[in-house]
Every structure is written in C-alpha cells, then in structure tokens.
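Student: A single structure is presented below for examination.
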Amino acid sequence: MTTRRSANHPFCCALLLAAMLASCRPAVDVGRLPEQPGLNAGFARMPPDVDSMWVRLLDPPAPEGNALLHVRFSPEERLGRTIIIRPGERMVVLRDDGLRGDALADDRTYSTFVDFPTEQFAAGQERLERYAAAGGRVPVFTGRELAAHTRPRFVAREHIRAGSTFVLTVPQGIATTVDPDRSLLIRNSQVLTDPQRTWDPCTRTGNTMGAWSFPYLVTQIANQIATGLPAGLVMERWLADWAAGGQVNGWIVAGRTPPAGLTTAMDSANGWGLSQLPFKLVAIVSRVDLRGNGAYGGGTGEGRFIFQAVDPAQNCAPLPFTIILEYSLPGLGCNEAQARAAEWIALSTHTNFGAGYRTALAAVTHGFTQAGARADRPPNRSALNQLRTNELSPGLLTWFTMPHWDMREFDVAGAGSSDPGYLLASTVAQTPGRTVDQAVLAAYMQSLAGPILNDKYELPLSIQGTPIRGGAAPAQHETFYWNVQPSPVIPGLRHKFSLNTCNGCHTAETATRFLHVSSGFANPATPPVSGFLTGIQVTDPETGITRNFNDLLRRQQDLSALVNSVCLQQLHFKVLPSPH
C-alpha cells in the first residue's frame with residue numbers, strides 16, 4: 001500500500017483489534033509455489049495433462065534402469081522433444097526424439113528408463129485390492145466438484161513382475177484412513193486450549209509464547225534476530241496499513257474503522273503488547289493438497305493457523321473478523337511431499353487428542369512456523385506465504401444482515417522491497433477488482449475458456465494495461481457471485497471462474513455464509529464449518545444446475561492417494577489454481 005499512518009498516531013492505537021480479526025479462506029497463488037531448478041519452468045505449477053501412462057518392467061533390467069516408462073500428454077505448445085522430471089532422488093529425461101528408450105520420434109509418446117519402485121507400487125496396489133474386495137469405493141472429483149464414487153482400480157501383484165506391462169493410473173487412496181478431525185481440520189478443544197501451546201487473551205491463561213499462540217507465531221514471522229524488527233512493530237505497522245487503506249495494483253482499497261468496543265494493546269514501554277491481542281485459535285489446518293506437482297519438483301503444500309478476533313469487553317464474544325496464517329511446508333518434490341503427507345496422516349492413528357497427539361502435532365507445525373524455516377526468503381526467512389483477513393465492515397457488525405464482507409491479503413516484503421520485513425498489502429489470488437471492466441474480463445474468460453475450465457490458469461495482474469487482479473475481495477451479500485457481462489456462452493465457464501475467486505467461493509457458488517471456518521457464532525445460521533467443506537449440494541445461481549461439494553473428503557482422498565502412490569504417478573497430479 002502507498003498510504004500509511006504513523007505508528008504512534010492515536011488512531012493506530014485504536015485500531016489494533018479491528019485489524020486483528022481475520023479469516024479469509026485458504027488461498028494459494030500458484031505463481032508463488034516453489035519448484036526445483038533445472039526442471040521445466042512452470043510445469044510444477046501448471047503441469048501438462050497426461051492422457052495415458054504405462055510401465056514395462058524389463059527382463060533383464062537395463063543399465064539405465066529396471067523399467068521403461070511411457071507417457072502420452074495432451075497436445076500443448078510447451079511440450080518439446082524432451083521433458084525433465086524428478087520422480088525420485090535423480091532427474092530423468094522423458095524423450096520423444098527416438099533416442100535412449102524412445103522408439104519413435106515425434107509420436108507424442110515420451111519414454112525413458114527409470115528405476116521403478118516395484119515393491120512400493122505393489123504394496124499400494126494390494127491395499128487398494130483389499131479395499132475393493134471389502135466393497136470400498138473411492139470418490140472421484142472434477143476439480144473441486146464431487147462427480148462420483150467408483151470401485152478402486154488396481155494392478156494385481158501377479159502382473160507386477162519382470163517382463164510385464166501395466167498402466168499407471170491417477171493415484172488412488174483410501175479416504176477413510178485419514179481422519180479429517182485429526183489430520184486436516186483440527187478444531188478439538190484440547191488442542192485449541194492446550195495450556196502449554198496456546199494463549200487465551202480473555203482469560204489470560206495458557207502460554208503467551210506457546211507454539212500455537214498468536215504472539216509466538218508473529219514473533220517467529222518477524223524474526224527480529226535476522227531483520228532487526230520487533231514483532232510488535234511489524235504488527236503495529238500492519239494494523240496501521242490495514243486501517244489506512246491505500247492503492248494495490250491500481251485499485252483503491254478503502255480504509256477500515258476499528259469496531260467500537262475493542263480495546264488497544266499498546267504497551268507504553270515495549271510497543272504493542274502481543275499478549276493482549278484479542279485473537280483466539282480457531283483451527284490448525286493441513287493443506288498438502290495445495291502443493292505443486294512433485295514430479296516436476298513442486299512445493300509440498302501449506303500448513304495454516306486460523307484465529308478469530310474476540311471482544312474482551314463483551315465477555316469475549318466472537319467478532320466477524322478472522323486471520324489466517326498460511327505457511328509453505330518444508331521441502332520440494334514428490335519424496336518430500338509424501339513425507340509431509342505421512343506426517344499429517346500419522347496424526348489420525350492417535351485414539352484421542354491427549355498429550356501424545358498434541359506433541360506429535362507440535363512437531364509437525366514446528367517445521368514450518370519456526371523462525372528461519374525458509375533461508376531462501378530474506379530478510380525474515382519465514383515460511384509464511386501470506387496472511388489473509390476476512391472481516392465484516394465495522395459499524396455494521398451483525399451476523400444477521402451481512403451487508404459487506406471484505407477479504408484481503410498481506411505478504412512479507414522481501415529484501416528488495418522498500419519496506420523489507422514488514423507485512424504489506426498484496427492482490428487477492430484469482431480475484432478481479434469489483435469494478436473491473438466487464439468487457440475486458442469477459443474477453444479474457446472467452447480467450448482462456450479451455451484453461452479456466454481445466455483449472456489451469458492464473459489471473460494476471462493486468463490485461464493490456466487494465467488492472468485486473470483486485471486489491472481486496474468484497475462481498476456485499478451471501479447471494480453474491482461473478483456474473484460477467486457480456487456473459488460467456490461456454491457452459492460452465494462462468495461458474496468455474498467465479499468459484500475460483502475469493503468472494504465467489506465464500507458466497508453463492510458454494511452456498512456459504514462468508515466464512516468456511518469460524519469459532520461458532522451466536523447466530524445459528526452460521527455453522528462453524530461450511531457445507532462446502534463437509535458436503536453440500538449447491539444450485540447454480542444462473543443455470544439451476546446442481547453440483548456436489550465435499551472438500552474435506554477431497555483432501556482426505558488426496559492425502560491418502562499421495563502416500564499410497566509411487567512418485568511417477570504424480571505426473572497425473574493437477575494443481576488447483578484457486579484461492580481456497
């Protein structure tokens with residue numbers, strides 16, 4: 001933002017809590033997913049589509065490997081004669097040049113010798129076979145929409161032997177092996193009130209520097225040893241910017257007035273008193289599903305903390321304002337992604353949320369919350385990808401009328417910034433400004449209809465000099481959805497584009513009342529977890545078509561499928577370029 005207020009201005013002191021209320025939904029801009037150097041640029045974020053893939057186990061094995069891998073991709077301009085992948089510890093080259101395992105050049109069948117993990121693959125296939133024999137079914141998703149439940153596909157062990165050829169299908173898992181309450185969306189009270197790791201600003205109980213407390217997390221993000229910036233100063237500056245508003249990508253973002261009744265947490269000696277910040281932990285979230293494609297060296301996903309602002313003056317009543325801290329998980333590539341997935345899945349094996357479970361969860365979260373977790377991101381070296389907020393317009397704080405919600409994003413400024421180390425306003429992922437030129441946006445949607453329908457696009461900052469990606473994502477009402485004029489005539493295009501925006505996903509496209517995860521409000525019409533996450537059928541506001549969503553089930557299936565597959569199968573994995 002370009003507009004700022006002095007950190008010592010009395011107004012800034014009055015806006016502490018106001019700014020601290022957040023909960024825009026999980027969002028990831030795929031353009032910021034890391035990837036390993038040396039691989040095909042962009043494939044980790046937007047991998048080419050695989051039409052079919054199969055393996056021939058060699059008898060006897062060749063010096064270059066024990067198997068030949070063959071892959072047919074859907075035609076696209078980025079595909080050359082060679083494609084570099086990293087399905088294990090070393091890189092290999094898929095070839096369509098008639099050399100080194102490729103039978104015929106330019107036939108769109110890419111081939112290479114690989115060290116195929118036969119036993120690992122066979123073990124995963126046996127798990128699927130036993131599950132199928134017991135009558136099990138696996139969910140099938142098209143993007144985020146639940147399309148069907150089918151019988152698992154598997155290769156019988158007797159066919160996994162030297163000399164045999166078999167298909168490598170889209171990875172399949174067993175969703176029931178993942179407990180969403182323990183491994184995906186963790187909201188149990190024993191976790192949220194852990195006296196060793198959380199802090200309650202209302203009762204003043206717990207540990208102010210506990211591993212899951214807001215003061216601890218922002219202290220690690222600020223990383224004063226590396227930046228010289230106290231965490232209180234970083235928070236003070238962020239709150240001042242949030243309240244002042246300013247310009248982001250050419251859009252004017254309105255300032256916000258702190259809600260009445262909220263107190264400040266100014267400590268006269270040490271700046272902002274972090275322990276007084278009125279933020280209570282709502283959830284700890286695994287988002288391994290937001291990883292890049294591991295076969296091309298993509299990142300391993302995200303881990304998240306959701307906090308909700310409360311009003312200490314009103315018996316700590318929850319306020320319509322949440323904050324979500326979204327971190328990149330450690331590592332790059334498929335092996336690391338499988339390791340991260342295994343850590344989260346292991347939490348499902350605990351029979352309760354007692355000390356053993358919480359210790360195991362703390363070990364997982366420490367890997368991405370600790371100061372210095374990303375040495376490649378100076379000056380903070382924090383793994384924080386972004387901080388997101390979701391709040392109702394102050395002065396209209398009622399759960400019943402819901403007149404104006406707003407969602408925003410703040411990123412840690414890098415070493416090359418004029419304000420390194422601070423949290424500065426950024427554009428919201430995949431979401432246009434609310435007053436965007438309709439004709440320009442409609443033309444963009446028509447021209448990229450295929451990629452949009454295939455969840456394979458990234459909304460640009462601007463188009464021919466016209467700002468597109470917004471500096472905020474307001475939603476005036478729960479019936480909001482994106483209906484661009486002139487309306488695209490391609491079936492499903494309007495819906496898919498709208499669903500992939502912050503404000504579209506939080507409203508009519510998913511029948512959500514603005515928040516997907518909250519603390520549970522006084523208003524019974526606002527559930528703590530949305531139907532989009534737990535399972536819901538939604539009617540398209542334009543066409544009347546019904547769609548099924550169950551995003552926690554999708555994440556269960558994805559997590560299980562990742563650990564139940566071999567890395568070569570991850571060539572099938574599609575990165576969802578959405579903010580959810």
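The values are calculated or read from the model by the stated rules, or taken from the named source; none is laboratory data. Quick caveat: nothing in here was measured; it's all calculated off a predicted structure. Methodologically, a virtual Cβ is constructed for each residue, glycine included, from the backbone with ideal geometry; neighbour enumeration extends over all protein chains shown. What goes into the accessible areas is simple: the full protein's heavy atoms, side chains included, and nothing from ligands, DNA or RNA. Shrake-Rupley method; radii C 1.70, N 1.55, O 1.52, S 1.80 Å.
Student: For the range 56-86, name all the residues that are within 24 Å of Glu336 (Cα to Cα) and of a type in the set (Val, Ile, Thr).
Tutor: If the condition is that a residue be within 24 Å of Glu336 (Cα to Cα) and of a type in the set (Val, Ile, Thr), then Val71, Ile83, Ile84, Ile85 are the ones that fit.
Student: Suppose we filter Phe549, Phe573 for residues that are buried (at least 19 other Cβ atoms within 10 Å of the Cβ) and under 22 Å from Thr431 (Cβ atoms); which single one remains?
Tutor: Testing whether each residue is buried (at least 19 other Cβ atoms within 10 Å of the Cβ) and under 22 Å from Thr431 (Cβ atoms) leaves just Phe549.
Student: Continuing with this model, one more query. Would you mind listing the strands (runs of 3 or more DSSP E) fully within the range 57-132 where at least 1 residues are over 33 Å from the mean Cα position of the chain (by Cα) and surrounded by 13 or more Cβ atoms within 10 Å (Cβ to Cβ)?
Tutor: 65-73, 109-114
Student: Let me ask something additional. Kindly provide the set of residues from the range 487-519 that are open to solvent by 10 Å² or more (accessible area, probe 1.4 Å) and within 20 Å of Pro460 (Cβ to Cβ), ordered by number.
Tutor: Pro488, Ile490, Arg494, Lys496
Student: Test of understanding: among Pro195, Pro152, which residue is open to solvent by less than 40 Å² (accessible area, probe 1.4 Å), outside any helix (DSSP H, G or I) and not hydroxyl-bearing (Ser, Thr, Tyr)?
Tutor: Testing whether each residue is open to solvent by less than 40 Å² (accessible area, probe 1.4 Å), outside any helix (DSSP H, G or I) and not hydroxyl-bearing (Ser, Thr, Tyr) leaves just Pro152.
Quick grid of which residues meet (1) hydrophobic (A, V, I, L, M, F, W, C); (2) out of contact with any strand residue (DSSP E or B) (no Cβ under 8 Å at 6 or more places or on another chain); (3) within 19 Å of Trp238 (Cα to Cα):
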{"position": "Ala317", "(1), (2), (3)": "yes, no, no"}
{"position": "Ile345", "(1), (2), (3)": "yes, yes, no"}
{"position": "Thr349", "(1), (2), (3)": "no, yes, no"}
{"position": "Thr365", "(1), (2), (3)": "no, no, no"}
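Student: Just for the range 278-333: of the residues that are in a strand (DSSP E or B) and β-branched (Val, Ile, Thr), which one is surrounded by the most Cβ atoms within 10 Å (Cβ to Cβ)?
Tutor: Ile306
Student: Right, here's the next one. Kindly list the number of the only condition in (1) of a type in the set (D, E, K, R); (2) closer than 30 Å to Gly294 by Cα; (3) surrounded by fewer than 18 Cβ atoms within 10 Å (Cβ to Cβ) that fails for Arg204.
Tutor: It is condition (2) that Arg204 fails.
Student: Right, next: With the structure loaded, tell me whether Arg377 is farther than 24 Å from Arg90 by Cα, open to solvent by less than 40 Å² (accessible area, probe 1.4 Å), modelled with pLDDT of 95 or more and among the basic types (Lys, Arg) or whether it fails that test.
Tutor: no
Student: Just to check your reading of the model, which residue among Ala413, Ala425, Ala473 is of a type outside the set (Ser, Thr, Tyr), open to solvent by less than 50 Å² (accessible area, probe 1.4 Å) and touching a Ser or Thr at 6+ places or on another chain (Cβ under 6 Å)?
Tutor: Testing whether each residue is of a type outside the set (Ser, Thr, Tyr), open to solvent by less than 50 Å² (accessible area, probe 1.4 Å) and touching a Ser or Thr at 6+ places or on another chain (Cβ under 6 Å) leaves just Ala473.
Student: Ok, one more. Among the candidates Ala439, Ala355, single out the residue that is over 29 Å from Asn500 (Cβ atoms), open to solvent by 30 Å² or more (accessible area, probe 1.4 Å) and of a type outside the set (Lys, Arg).
Tutor: Result: Ala355 is the single residue among Ala439, Ala355 that is over 29 Å from Asn500 (Cβ atoms), open to solvent by 30 Å² or more (accessible area, probe 1.4 Å) and of a type outside the set (Lys, Arg).
Student: A further question on this structure: Is it true that Ala175 is surrounded by fewer than 18 Cβ atoms within 10 Å (Cβ to Cβ) and modelled with pLDDT of 95 or more?
Tutor: Answer is no for this residue.
Student: Among the residues of the range 321-337, which ones are farther than 18 Å from Gln370 by Cβ, at pLDDT 95 or above and of a type in the set (S, T, N, Q)?
Tutor: Passing the criteria: only Asn335.
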